[in-house]
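Following: one structure in structure tokens, then a few remarks.
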Amino acid sequence: MSGERVVITGMGIWSCLGKDLTEVEASLRAGRSGIGFDPVRKELGYRSALTGIVAMPELKGVLSRRQRVGMAEEAYYAYESTAQAFKQAGLEGDIFKKEAVGILFGNDSSALAVVESVDAMRRKKDTTLLGSGAIFQAMNSTVTMNLATIFGLRGINFTVSGACASGSHAIGMGYLLVKQGLQRIVLCGGAQEVNPIAFGSFDGIGAFSVRESDPTKASRPFDKDRDGLVPSGGAASLIVESLSSARERGAPILAEIMGYGFSSNGVHISDPDINGQVRALNMALEMAGMGASDIGYINAHATSTPLGDRVEAQAIDQVFGASRPFVSSTKSMTGHECWMAGASEIVYCLLMMHGGFLAPNINFEGADEASERLNIVQRTTDHRTDVMLSNSFGFGGTNSTLIIKRHDG
């Protein structure tokens with residue numbers, strides 16, 4: 001696919017593994033889990049009180065009250081990760097007046113804000129008492145509308161809603177826009193609220209691990225004894241930019257985006273499908289002009305559900321069985337960061353690429369018949385990897401695959 005070459009010039013993260021790149025890299029290297037037990041969930045009737053433990057940012061004194069009042073929980077996380085990414089990319093001050101910087105963020109819920117508004121309306125019997133920020137908090141586009149306003153972004157501006165592939169699709173769409181010359185710089189990312197209100201329905205269908213006796217052992221991607229995922233969240237931001245723009249600005253180039261593969265299963269609303277996943281994988285490879293043997297590491301979607309991990313392992317084996325690249329799921333440490341995951345896992349990949357290591361798939365104690373065919377990283381491994389692939393799959397059968405490559409000039 002011809003057109004502009006597309007690079008990543010900045011990144012930021014706010015997750016259960018840490019509040020910035022340095023803290024998160026340390027957690028990845030140590031194989032340190034960010035999962036804990038939330039007693040509030042038990043009080044609400046949850047089967048599982050397990051969750052990623054994510055600190056709430058303190059933005060009082062950083063942003064004005066007028067700016068904060070329309071921000072939902074996930075927008076707080078996204079502000080922090082975006083401020084980090086802009087700083088690393090050297091995007092500050094007058095640049096936003098000179099350059100039409102765009103924003104594409106993955107987000108597929110703002111449940112807490114909606115529930116709080118409805119509760120207030122029932123209690124007060126007067127919609128005028130809901131507050132002027134309620135509508136902006138309750139909309140799925142709470143992240144993009146707030147960040148675009150706060151930072152003065154004048155390019156593309158909308159939210160990508162694609163379930164647990166949202167963050168990945170946001171990066172993929174940003175990549176395509178820059179590649180086609182329609183944008184020079186796009187802020188891309190994903191954000192996920194972590195509050196109990198957001199996850200009640202997931203718990204209700206039995207999606208979560210109930211291994212509450214040892215929270216850090218609960219998320220077990222590819223392990224034969226896995227019993228469900230652990231919800232988590234936060235935000236991750238990446239600056240997606242044309243190579244020509246990056247060179248013109250003298251910006252740091254963290255990696256080049258080589259390919260974006262996408263597909264829809266068109267089969268079942270919640271069950272995965274090997275054919276759809278394989279199509280996304282092959283599309284990404286074709287767009288990148290690469291073969292399976294060019295991929296050195298795969299950050300798997302694997303959320304620790306019995307069916308989901310099995311199908312993905314089969315898809316990876318079908319495409320990469322001959323070359324057997326390293327595979328791990330950072331969700332073993334983070335839990336499933338849902339709408340954020342596709343973006344945060346690119347950040348995790350970049351930290352590994354530049355740090356010269358591969359993060360472990362912790363809690364992998366025994367393979368099943370599908371995962372035994374994969375080359376799973378079981379402990380932190382020092383290894384130079386030049387090309388990495390990240391999978392993200394979501395409800396509704398949406399699939400996204402991204403390929404990034406080390407940039408050597």
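Under a model in which nothing but the beta-carbon of Lys, Arg (+1) and Asp, Glu (-1) is charged, segment 117-253 shows a dipole of about 360 debye around its Cα centre. Dipole of the chain computed with +1 at Lys/Arg Cβ and -1 at Asp/Glu Cβ about the Cα centre; of Leu50, Thr330, Leu187, farthest Cα towards the positive end is Leu187. Taking other Cβ atoms within 10 Å as a rough exposure proxy, Ile269, Ile253 sort from fewest to most as Ile269, Ile253. Restricting the calculation to alpha carbons of segment 38-143 gives Rg and Dmax of 17.0, 52 angstrom.
Working note: Cα atoms of segment 337-376, range along each principal axis, descending, whole Å: 30, 27, 16.
Using the basic label-point model (7 angstrom from Cα toward the beta carbon), what is the Ala100 to Val210 distance in nanometres? Rounded to a tenth, the inter-label distance reads 5.5 nm.
Pairs exceeding a 19 Å alpha-carbon distance, out of Lys19/Lys87; Lys60/Lys125; Lys97/Lys179; Lys19/Lys60; Lys42/Lys124; Lys42/Lys224: Lys60/Lys125; Lys97/Lys179; Lys42/Lys124; Lys42/Lys224.
In this rough spin-label picture, where each label sits 7 Å from Cα along the Cβ direction, the Ala55-Thr149 distance is 2.7 nm.
Mean 1/r over all different Cα pairs, inverted: what Kirkwood radius does segment 329-409 give, in Å? After inverting the mean inverse Cα-Cα distance, the result is 13.9 Å. Along the axis of the charge dipole computed for segment 1-97 (Cβ charges of +1 for Lys and Arg, -1 for Asp and Glu, origin at the Cα centre), the listed residues Gln88, Val40, Thr9 are led at the positive end by Val40.
Taken over segment 267-409, the percentage of Cα pairs per 5 Å bin, counting from 0 up to the bin with the maximum distance, is 2, 10, 22, 25, 23, 13, 4, 1, 0.
Highest mobility in the GNM of the chain, judged by mean-square fluctuation with C-alpha springs under 10 Å and restricted to Asp227, Asp126, Asp273, is found for Asp126. Does a label point 7 Å from the Cα of Glu23, set along Cα-to-beta-carbon, have any residues of segment 55-92 with amide nitrogen under 16 Å, and which are they? In segment 55-92, the label zone of Glu23 (backbone N under 16 Å from the point 7 Å along Cα→Cβ) covers 55-60, 76-85. Expressed as a whole percent, the proportion of Cα-Cα pairs in segment 7-249 lying more than 27 Å apart is 39%. The alpha carbon centroids of segment 362-409 and segment 1-20 are separated by 17 Å.
Throughout, read-outs are computed from the coordinates displayed, never taken from laboratory work. Just so it is clear, the structure is predicted and the values come from calculations on it, not from any experiment. When we count neighbours, we look across all protein chains shown, and the Cβ atoms used for this are built from the backbone with ideal geometry, even at glycine.
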